[in-house]
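Report on the structure given below.
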């Protein structure tokens with residue numbers, strides 16, 4: 001884009017949210033609920049998590065107060081944007097008795113358009129990965145497509161690295177490179193300002209409607225310093241170049257037994273993962289004879305997931321953890337031309353026993369003494 | 001679940017939507033196995049299929065399962081499918097009667113490489129219900145017998161009562177242009193044939209390994225031994241094909257249930273070349 005970045009204040013951000021609303025978007029962004037940063041409706045700039053940050057480690061997440069009033073001074077929370085594009089629960093169709101047979105009908109195509117506010121670089125990559133899964137294969141998922149079409153994305157370049165972040169290792173951040181309409185970099189403190197860059201024509205058109213000042217070379221340097229500092233503070237690291245072959249060549253490694261002894265097969269990692277896409281279908285019947293078929297997020301950690309007559313293909317936690325990790329980091333590449341991992345660290349943070357995917361990779365490679373912790 | 005406030009719109013263009021079809025004929029085979037002949041319930045012709053593909057059959061209010069197509073691909077007026085009752089949904093499918101309606105989603109997946117068989121010796125090895133998706137190939141091969149070299153059909157069943165399509169097998173056995181052998185794992189007093197694993201038949205195959213193509217379908221453990229045995233007879237792994245089975249809920253590569261290594265069995269399979277899957281078939285619980 002040839003458009004020059006601009007600098008806005010908190011009032012400019014308020015104007016951005018108002019402009020998105022007036023353009024008919026449902027604006028979704030970070031809010032504080034249940035002691036976590038979750039993605040929900042944002043009506044005004046006051047809904048954003050001003051002055052909050054988080055502490056993250058394996059199996060640990062705590063919100064805490066910042067010394068300043070930063071709006072985006074946290075790392076990713078338990079929600080991923082997939083909950084809006086690839087819904088956790090979706091009615092596929094409803095069939096009603098119709099004389100001798102059944103009449104099958106679906107819900108009307110949703111007309112709602114989303115604007116996502118404060119999408120991290122790792123999350124832009126995650127959305128791009130789910131685009132490949134749902135839109136670029138031989139079959140297109142019409143439900144995902146309807147929600148994805150026209151979504152307006154405001155990215156945020158990360159000013160804080162979370163304790164479990166490793167986007168630098170996965171080449172997915174912390175600076176947003178592509179896939180956004182607008183990207184912002186926050187300068188907390190006084191004056192509280194944001195550098196805004198357009199990534200698309202419609203982003204530039206929206207930018208022009210905000211109260212602003214032109215950016216200076218000093219602003220650009222400040223913004224570069226923000227992401228450089230974040231890149232240097234990653235909570236985790238994982239050598240990723242050799243991972244697909246490493247895992248596929250070690251399907252019988254003893255480490256799988258070790259991790260299986262810790263894994264609870266709860267599926268938390270798959271629910272918080274921004275790229276995990278598996279679903280299951282269930283049927284519900286009512287007394288009128290109607291049937292509804294719904295689709296919900298599923299997890300490869302459940303025993304039922306691989307059930308065929310006679311039993312599960314993967315009855316042991318060992319085989320299920322191996323399935324998840326080898327799919328995410330290795331066979332995903334063959335299927336979709338990209339790793340399924342964006343280094344967001346959610347699976348580490350939200351694992352109730354703190355299993356760390358970066359540590360497991362190190363242990364299988366055997367390159368970190370004492371099992372390796374994956375930390376710098 | 002959001003409240004149902006959206007109006008119901010006519011169903012179209014969504015690969016997850018079933019089409020309503022009708023059961024034309026129902027034939028009971030052995031223990032709990034039924035072959036259904038499905039017919040169109042409206043003006044639209046039934047979808048065509050390629051041997052080896054499967055459909056998703058839905059019984060309203062019960063659920064949906066993948067089912068092999070066991071009929072003749074040359075007959076486009078009906079879709080013949082063979083199901084064994086092993087779970088709640090397959091039980092419901094086998095209980096459907098002529099005139100009953102059910103949901104059908106397209107034929108899905110890869111097919112046996114029929115075009116590659118021309119001019120070659122053909123080895124078909126089936127185990128148990130695995131004969132069903134291979135019957136479509138047998139129809140094709142027998143109807144076009146002159147196109148192929150030697151043809152061998154080896155079939156293994158657990159016991160004589162489990163032999164599928166028994167009268168057809170008897171009929172095919174009378175042909176002089178097909179080597180047909182049937183084995184059972186466990187015999188009873190009625191059985192006068194051979195007893196043992198179907199792999200025992202492999203060394204006496206009357207085919208030229210260098211110009212043979214083998215198609216194998218049965219339980220995965222059986223396919224693992226048969227494919228390895230065929231490989232040992234000199235048939236290249238790239239000329240051996242197997243049909244894998246995994247949990248499938250969408251059949252379009254989106255639900256993830258059938259994923260194994262780099263494959264979605266529903267869309268990259270179920271028919272796969274042995275050189276692609278040999279390694280993964282050897283890993284337990286993959």
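Please report, in Å, the Rg and the Dmax of the stretch A:8-88, where both are computed over Cα atoms only.
That works out to 13.6, 41 Å for Rg and Dmax.
Which percent of Cα-Cα pairs in the stretch A:46-153 sits in each 10 Å bin, short to long?
11, 31, 27, 18, 8, 3, 1
Once Rh is set to the Kirkwood radius over Cα pairs, what Stokes-Einstein translational diffusion coefficient, in µm²/s, holds for the stretch B:114-281 at a temperature of 10 °C and a viscosity of 1.306 mPa s?
Diffusion coefficient, whole number: 97 µm²/s.
In the Gaussian network model of chain A, springs joining C-alpha atoms below 10 Å, which of A:68, A:98, A:242 carries the largest mean-square fluctuation?
Looking only at A:68, A:98, A:242, the largest GNM fluctuation is found for A:98.
What is the distance, in nm, between label points placed 7 Å from the Cα along the Cα-to-Cβ direction at residue B:232 and at residue A:103?
6.2
Kirkwood Rh, Cα Rg: Rg to Rh for chain A?
1.00
For residue B:173, project a label point 7 Å along Cα to C-beta. Then give me every residue of the stretch B:122-141 with its amide nitrogen under 19 Å of that point.
Only B:124-132, B:135, B:138-139 pass the distance filter.
Inside 10 Å of the C-beta atoms of A:308-314, what's the mean count of C-beta atoms belonging to other chains?
Mean inter-chain Cβ contacts per residue within 10 Å come to 6.
Using Cα-Cα distances under 8 Å and only pairs 6 or more residues apart, what relative contact order does the stretch A:243-371 have, in percent?
About 33 percent, as a whole number.
When the C-alpha atoms of the stretch A:214-293 are aligned to their principal axes, what extent does each axis show, in angstrom, from largest down?
68, 48, 23
With the radius of gyration and the Kirkwood radius both derived from the Cα set of the stretch A:162-300, what is their ratio Rg to Rh?
For the stretch A:162-300, the value is 1.13.
Under a crude label model (7 Å from the Cα following the beta-carbon direction), how far is residue B:189 from residue B:44 in nanometres?
Each label point lies 7 Å from its Cα, and together they span 5.5 nm.
Relative contact order of the stretch A:274-329: what whole-number percent is it, with Cα pairs under 8 angstrom and at least 6 residues apart?
Reported relative contact order: 24 percent.
When the Kirkwood radius is taken over all Cα pairs of the stretch A:298-347, what Stokes-Einstein diffusion coefficient follows at 25 °C and 0.890 mPa s, in µm²/s?
Reported coefficient: 207 µm²/s.
Sequence gap at least 6, Cα distance under 8 Å: using those rules, report the relative contact order of the stretch A:1-111 to the nearest whole percent.
16
Report the per residue volume, in Å³, of the convex hull enclosing the C-alpha atoms of the stretch A:1-55.
125
In deg cm²/dmol and to the nearest 500, what is the mean residue ellipticity at 222 nm of the protein assembly as shown if only DSSP H runs of at least 4 residues count, each as -39500 (n - 2.57), divided by the residue total?
Calculated at 222 nm, the ellipticity per residue is -7000 deg cm²/dmol.
Counting only other chains, what is the mean number of Cβ atoms within 10 angstrom of the Cβ of each residue in peptide A:96-103?
Counting other chains' Cβ atoms within 10 Å and averaging over A:96-103 gives 4.
Viscosity 1.306 mPa s, temperature 10 °C: Stokes-Einstein D of the stretch A:97-212 from its Kirkwood Cα radius, in µm² per second?
Roughly 95 µm²/s, to the nearest whole number.
Would you mind getting me the FRET efficiency between residue A:208 and residue A:35? Use the beta-carbon distance for r and R0 = 30 Å, nearest 0.05.
With R0 = 30 Å, the Cβ-Cβ based efficiency is 0.20.
Could you work out, residue by residue across A:274-280, how many beta carbons of other chains sit within 10 Å of that residue's beta carbon, and then give the average as an integer?
3
Of A:45, A:281, A:104, which is the most mobile in a GNM of chain A whose springs link Cα atoms less than 10 angstrom apart?
A:104
What does the extension gain come out to for residue A:304 and residue A:11, with contour length at 0.36 nm per residue minus their alpha carbon separation?
Here the answer is 100.3 nm.
Would you give the gap between the C-alpha center of the stretch A:148-194 and the C-alpha center of the stretch A:213-284, rounded to a whole Å?
Each part's Cα centre sits 16 Å from the other's.
Regarding the stretch B:19-108, what whole-number volume in Å³ per residue does the convex hull of its Cα atoms give?
Taking only Cα atoms, the stretch B:19-108 has a hull volume of 84 Å³ per residue.
How large is the convex hull of the Cα atoms of chain B per residue, expressed in Å³ as a whole number?
Hull volume over Cα atoms, normalised by residue count, gives 146 Å³.
Once label points are set 7 Å from the Cα along Cα→Cβ at both residue A:250 and residue A:64, what is their separation, rounded to one decimal in nm?
3.3
Using 5 Å bins from zero, what percent of all Cα-Cα pairs in the stretch A:243-371 falls into each bin?
Result returned by the calculation: 2, 10, 18, 21, 21, 12, 6, 4, 3, 2, 1, 0, 0.
Give me log10 I(q)/I(0) at q = 0.11, 0.16, 0.17, 0.18 Å⁻¹ for the stretch B:85-197, Debye formula, one equal scatterer per alpha-carbon, no solvent.
Normalising to I(0) and taking log10 leaves -0.47, -0.90, -0.98, -1.04.
For the protein assembly as shown, place one equal point scatterer on every Cα, skip the solvent, and apply the Debye formula. What is log10 of I(q)/I(0) at q = 0.07, 0.12 Å⁻¹?
Calculated log10 I(q)/I(0) at the listed q: -0.55, -1.23.
Coordinate-derived values only; no laboratory data. Predicted, not measured: the structure shown is a model, and the values here were computed from it. Quick reminder, even Gly has a Cβ in these numbers, built from the backbone with ideal geometry, and neighbours come from all protein chains shown.
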